[in-house]
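Written below as structure tokens is the structure these notes are about.
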Amino acid sequence: MKAVFIVNPAARGGKALGKWAEFRRTVAFPYQEFMTIGPGHAKAIARGFAAQPGQENILLIAFGGDGTVHEIITGAAGAGHVVVGSVGAGSGNDFGRGFSSFGNAEEIAAYLDLRQDTPALDLGHAGFKGGLIFVNSSGIGFDAEISRGTGRSSMKPLLNRMGLGKFVYALYTVRALFTFRTFSLEVMHDEERLSYRDVWFATVSNQPYYGGGMKISPQSDPADGLLELTVVSRLSRMKLLAVFGSVFFGAHTAFREVDCRKSRSFSLKADRAVPLHADGEDAGDIEPGSPVVFTVKQKAWRLAGQQRTGRSGIKHESTP
Ligand SMILES: Nc1ncnc2c1ncn2[C@@H]1O[C@H](COP(=O)(O)OP(=O)(O)OP(=O)(O)O)[C@@H](O)[C@H]1O
């Protein structure tokens, strides 16, 4: 198996570059290295490898944050000869919470030697703007508003460099808490129609974590062929803060204002323009009255290493 590192030097406000300089000194196996030059480049590199099935299987290792892993998985999706791994070097690293990631070069070397675990896992697809793929989650509302704010924030790179990246998130959370207008939502799944009023957000998850460690969907398992919907509605601003705090422990599902569902597909329709995110990246506003359909793409990519589940730590069937 051939090892290829795809390094995002801009991850964690540029700190990833220094981390890579140290890391590469510890790599004792042959590898190829790519440095990304901007958004979309990691995906293009992964697509290039996916398009060339050869004799040898390829291990693509994302060296960056969630944005980099997201690009590599979406670029490599469907290619049976490509396995994706990651070394967390970003600011949030939710991927590493829900999925197995490599901690050091020795772990990668051991994987290359043994190759014992390569589970085939699901991806999510949002039928919006020509189709968006998500590895972690996608959703509409309050959380997407926060993603939009933090993504556009000119302070983020500076605060990331100072190790205060989470501060930007907290700042935009508080801002959205006072400015966000709730909406009405209609959900269709498995021939059931559900209506919600005063909705703060609706998130469709493939794995339990998002937003830098919040366990938004404790029941999610990226190997079960299903997606989970979490709808938070009819809460005062103060209670929303309490719910948000409890999300770090996955305890929010006990609130009666938090509704959780499981399905292969969800159709979400809002009564006003609401922001949508895919894996924490702002994707624009959904149209009022126009449904967005979220579906699961089963066993769409292969992960290097044992997948961690937030639900029970169950071990999943591996493909050779
Ligand atoms: N050379 C580059 N210069 C600027 N941006 C880049 C470059 N290469 C990639 N990017 C973009 O940087 C963005 C952020 O990367 P990434 O998500 O990996 O790091 P992060 O934001 O620090 O981590 P996390 O998402 O885990 O919080 C991605 O959208 C990616 O497309």
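Structure summary
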quantity	calculated
Enumeration of residues in segment 126-155 that are surrounded by 24 or more Cβ atoms within 10 Å (Cβ to Cβ) and in a strand (DSSP E or B)	A126, F134, S137, S138, G139, I140, G141
First in segment 224-242 and part of a loop (DSSP other than H, G, I, E, B), second anywhere and of a type in the set (A, V, I, L, M, F, W, C), Cβ under 7 Å, 6 or more apart	G225/V296; L226/V296; L235/W200; L235/V243
Residue in segment 202-213 that is in contact with a Gly (Cβ under 9 Å, 6 or more places away or on another chain), assigned by TED's automatic domain parsing to the domain that holds G149 and more than 20 Å from A126 (Cβ to Cβ) present	yes
Whichever residue in segment 160-174 is buried (at least 20 other Cβ atoms within 10 Å of the Cβ) and at pLDDT below 70 and, among such residues, is nearest to W200 (Cα to Cα)	G165
Meets criteria (more than 23 Å from G92 (Cβ to Cβ) and at pLDDT below 95) for L235	yes
Single match in L229, L276, L268, L240 (criterion: more than 23 Å from F134 (Cα to Cα) and assigned by TED's automatic domain parsing to the domain that holds R181)	L240
Subset tally (residues that are within 19 Å of F180 (Cβ to Cβ) and either within 16 Å of the ligand (Cβ to nearest atom) or out of contact with any strand residue (DSSP E or B) (no Cβ under 9 Å at 6 or more places or on another chain) (or both)) for segment 247-277	1
Condition check for F266: under 14 Å from F201 (Cβ atoms), of a type in the set (F, W, Y), surrounded by 14 or more Cβ atoms within 10 Å (Cβ to Cβ) and at pLDDT 90 or above	yes
Within segment 1-14, tally of residues that are under 19 Å from N93 (Cα atoms) and either within 12 Å of the ligand (Cβ to nearest atom) or among the aliphatic types (A, V, I, L, M) (or both)	9
Filter result for V199 (among the β-branched types (V, I, T) and either outside the structural domain of S233 (by TED's automatic domain parsing) or in a helix (DSSP H, G or I) (or both))	no
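The values are calculated or read from the model by the stated rules, or taken from the named source; none is laboratory data. Note that the coordinates shown come from a computational prediction; the quantities given were computed from them, not determined experimentally. We place every Cβ from the backbone using ideal geometry, glycine too, and count neighbours over all the protein chains shown.
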